[in-house]
Structures are given as structure tokens and as C-alpha cells.
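Quick notes on the structure that follows.
The values are calculated or read from the model by the stated rules, or taken from the named source; none is laboratory data. The model shown is predicted, which means the values in this text are computed figures rather than measured ones. So basically every Cβ, Gly included, is an ideal-geometry build from the backbone, and we count neighbours across all protein chains shown. The protein model used for the area step is the full one, side chains on, heavy atoms only, and it has no ligands, DNA or RNA in it. Shrake-Rupley method; radii C 1.70, N 1.55, O 1.52, S 1.80 Å.
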Amino acid sequence: MFLPSKKDLKTALEVFAVFQWCLSAFIIVNTVIITNLYLVVFTPYWPLTVLLLAWLGFDWKTPERGGRRLTCVRHWHLWKQYCDYFPLKLLKTHDLSPSHNYIVVCHPHGLLSHSYFGHFATEASGFSKIFPGITPYLLTLGAFFWVPLLRDYIMTTGICSVSQSSMDFLLTHRGTGNMLIVVVGGLSECRFSLPGSTTLVLKNRMGFIRMALRHGVALIPAYTFGETELYNQHIFTPGGLVNRFQKWFQSMVHIYPCAFYGRGFTENSWGFLPYARPVTTIVGKPLPMPKIENPSPQTLDKYHAVYISALRNLFDQHKTKFGFSETQELVIV
């Protein structure tokens with residue numbers, strides 16, 4: 001009888017951990033929609049759907065008020081398997097004092113931002129040991145909090161809305177020692193998520209600068225080496241029918257639809273799981289910001305340039321350790 005080795009079992013657990021997280025949103029969304037449609041159309045239990053919607057309305061602001069994290073969920077052993085799959089590694093360049101708040105600005109977004117979830121929404125990569133006394137809040141699109149059950153699941157890991165009101169609340173009503181993690185490139189950056197790419201959507205992104213100035217909190221650049229190596233993309237002919245559709249779709253909903261692919265359940269198969277490649281996030285030095293309630297466009301431009309310079313320095317200091325040449329530079333669009 002064939003018995004799997006400990007290594008085989010470990011690999012299977014890692015694949016399952018990544019698989020369940022990648023598909024959890026899809027499964028939960030479809031389950032909620034189909035179940036409630038069935039209750040309303042085919043059964044007399046439609047009041048259950050009404051109660052669910054009532055609870056959603058009552059609880060609507062929670063993702064903008066610090067969420068509802070559960071420490072036990074952040075410590076699930078499953079997340080350790082998730083981080084070991086790649087593996088993920090989190091490195092700091094400076095200690096952070098719990099007597100201040102911070103906004104960590106992460107680059108690049110990648111396709112599914114696997115590293116940021118592993119580092120900041122779980123304890124699997126040792127966040128609390130690396131940054132003692134600091135509470136991380138990974139911020140994401142408000143649309144993820146529109147669906148019952150899905151919103152509750154992701155909030156248990158400490159994920160909150162990236163809206164202005166959410167950031168204002170976290171920086172004014174939760175004391176000090178808070179770290180807000182923002183992936184500023186967003187879904188617009190997915191089109192540049194290709195192996196070897198160092199292109200960032202940052203040129204016209206000023207919101208994080210304005211927020212840091214309004215509250216006088218330090219900005220911290222963070223760069224992840226390997227995030228863009230996790231998937232391949234099929235690039236359609238520029239100007240062709242599909243390419244024109246991609247650009248039209250992006251202009252309508254600000255999401256660039258990508259034809260991406262990775263591996264399947266086995267190492268050499270084709271599928272939509274990420275490739276098992278090392279991913280390392282380097283968290284840089286805090287950049288102190290003055291408190292300016294209503295910064296002018298010139299002030300925003302000034303500190304935006306300061307931030308980009310710090311980000312370039314962080315990238316240049318570490319790029320050769322992760323396979324880039326000395327001449328490789330960040331491309332800001």
C-alpha cells in the first residue's frame with residue numbers, strides 16, 4: 001500500500017491553504033446568492049433573507065470602524081501552511097515605536113496580493129514578533145464587505161475598508177501603535193504584474209500622501225520582491241479586439257481584466273494557483289510627515305516626490321539580492 005510521506009502531506013496542506021483562500025471569496029459569494037435566491041423563490045423562509053439584509057444594513061459601518069478581528073483566526077495553523085507554500089518572508093529595516101501610528105505603502109500590488117495577506121492579515125510570518133506592540137490593519141476595497149459571511153470572514157483577520165472614513169477612524173479613535181497597510185497600485189496595477197516587471201502605478205496616486213499629512217503620521221515604503229513572479233499573463237496584441245475591450249473595461253470600472261494563469265494542484269500542471277516561488281517583503285524606514293489639515297497641491301507634490309525617492313532607494317538597496325541587475329530601475333506610471 002502506498003503511504004504518502006511527511007513531505008507529501010506537508011505539500012498537500014500548503015496547496016490546500018492557498019487554494020481555500022484564493023477561492024473562498026468566489027465560493028462564499030455564490031453560496032450566499034444561490035441560497036438566498038432559493039429561500040426567496042422556492043421556500044416560505046424568505047424572512048431569513050430579510051433578516052440577513054437587515055443585519056447587513058445594521059452592521060454596514062463596521063469595516064470602517066476597525067472591523068472585528070479575532071486573534072485565534074489570525075493564528076490558525078492553516079496560515080502557516082499558506083506562508084510556507086511560497087515561502088513568504090517579512091523583513092524590517094527599522095524598529096517601530098508603539099507610541100506612533102504609521103501608514104505602510106506596499107508595492108507592487110501583484111494579481112492577488114498574496115504576500116500582504118500572509119504578512120499583515122495573519123501571524124504566520126511572525127508580524128507581532130517583528131513589530132512588537134504594533135497592530136496591523138490591511139486595507140482593501142469596500143466591495144469585499146458588501147456580501148454577508150464573506151465580510152465577516154475577512155474582518156476576522158483584521159482586514160478593513162480602505163475608505164477615507166475608515167482610515168480617519170483608525171488614526172484618531174484607536175490610540176497609537178496602529179499600522180495601516182495600503183497597496184496603492186490597486187487593481188489598475190494588475191496589468192503590469194508580469195515576471196521581471198518593476199512598473200508601479202503611482203504617478204497620480206496622492207490619496208495616501210494627503211491622509212498622512214492630515215494626521216501627521218509617518219509613511220513607510222515597502223517593496224515586495226517576488227510578488228509579480230507568482231503568475232504569468234497572456235498579453236494580447238496591442239490595438240486588437242481583446243486589448244481594446246480590456247482598456248474599455250478598465251475605463252468603465254477601473255479594473256483591468258487579465259488573462260493570467262499559474263499552476264494546478266501538482267507542481268507541473270496548469271491552473272490558477274500561484275507558482276511556489278519565494279516572496280520577500282522589505283519594510284523601509286519611516287518618513288515623518290508634518291500635520292497639515294488641508295495640504296495644497298504643491299505640498300502634495302513635494303511629499304509625493306520625497307516618498308518616491310525613498311521608495312527608489314529602498315528598491316535599489318535590495319534589488320541585487322533578489323535577481324535584479326544594478327541597472328534595473330523602478331518605472332513609475
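Under a 1.4 Å probe, what is the accessible area of the chain per residue, stated in Å²? Walk me through the numbers on the way to the answer.
Details: 16830 Å² over 333 residues.
Here the residues of the chain average 51 Å² of exposed surface.
Between GLN20 and ASP301, the FRET efficiency estimated from the beta carbon spacing at R0 = 56 angstrom works out to 0.80. Taking a sphere under 13 Å around the Cβ of THR62 and counting the other residues whose Cβ falls inside, with K and R at +1 and D and E at -1, yields a net charge of +2. Of interest is the spacing of the C-alpha centroids, which for segment 211-229 and segment 51-65 amounts to 30 Å.
Is the C-alpha gyration tensor of segment 1-125 telling us rounded, prolate or oblate? Criteria: a/c under 1.5 is rounded; beyond that, a/b larger than b/c is prolate, otherwise oblate. Intermediate results must be reported in sequence, preceding the final value.
On the way: a/c = 2.70, a/b = 1.28, b/c = 2.10.
Because a/c hits 1.5 or more and a/b fails to exceed b/c, segment 1-125 counts as oblate.
In this view, the solvent-accessible surface of ASP8, computed with a 1.4 Å probe and all protein chains in place, comes to about 80 Å². At most 16 other Cβ atoms within 10 Å and a DSSP loop assignment: could you name the chymotrypsin sites (Phe, Trp or Tyr not before Pro) in segment 270-333 that fit? Answer by residue number: PHE272, TYR275, PHE324. Here segment 277-333 is treated as a Stokes sphere of Kirkwood radius computed over C-alpha pairs; at 10 °C and 1.306 mPa s its diffusion coefficient rounds to 117 µm²/s. Each Lys or Arg adds one and each Asp or Glu subtracts one; over the other residues with Cβ under 14 Å from the Cβ of TYR102, this totals +2.
Of the listed values (1) 60, 50, 48; (2) 67, 44, 34; (3) 55, 54, 44, grab the one calculated as Cα extents along the principal axes in Å from the structure here. Only one option fits the structure, namely (1).
Roughly how many Å is it from the Cα centre of segment 160-204 to that of segment 251-322, as a whole number? Cα centroid to Cα centroid, the span is 9 Å. Applying the Kirkwood pairwise sum to the alpha-carbon positions of segment 114-188 produces a hydrodynamic radius of 13.0 angstrom. If you take all other residues with their beta carbon under 12 Å from the beta carbon of PRO286, and give Lys and Arg +1 and Asp and Glu -1, the sum is +1. CYS83 contributes about 0 Å² of solvent-accessible surface, heavy atoms of the protein only, 1.4 Å probe. An oblate overall shape is assigned to segment 233-286, the ratio a/c of its alpha-carbon gyration tensor axes (a ≥ b ≥ c) being 1.5 or greater and a/b not exceeding b/c.
Starting from the Cα-Cα distance between LEU70 and ARG277, subtract it from 0.36 nm times their residue separation and give me the gain in nm to one decimal. List each step's numbers first, then the result.
Details: separation 207, 0.36 × 207 = 74.52 nm, distance 2.93 nm.
Taking LEU70 through ARG277 to full extension adds about 71.6 nm, to one decimal.
Remark: the SER128-LEU37 segment gains 28.5 nm on full extension, using 0.36 nm per residue and subtracting the alpha carbon distance. Sorted on the mean count of surrounding Cβ atoms within 10 Å across their residues, most packed first, peptides 195-203, 20-28, 120-128 read 120-128, 195-203, 20-28. Surface composition of the chain: carbon plus sulfur atoms contribute 65% of the solvent-accessible area (1.4 Å probe, protein chains only, all chains present). Name the shape class, rounded, prolate or oblate, that the alpha-carbon gyration tensor gives for segment 216-333, where a ≥ b ≥ c are the square roots of its eigenvalues, rounded holds for a/c under 1.5, and otherwise prolate holds if a/b is larger than b/c and oblate otherwise. Judged from the Cα gyration tensor, segment 216-333 comes out oblate (a/c at least 1.5, b/c at or above a/b).
Once C-alpha pairs closer than 8 Å and six or more residues apart are averaged by separation and normalised to the residue number of the chain, the relative contact order reads 21 percent.
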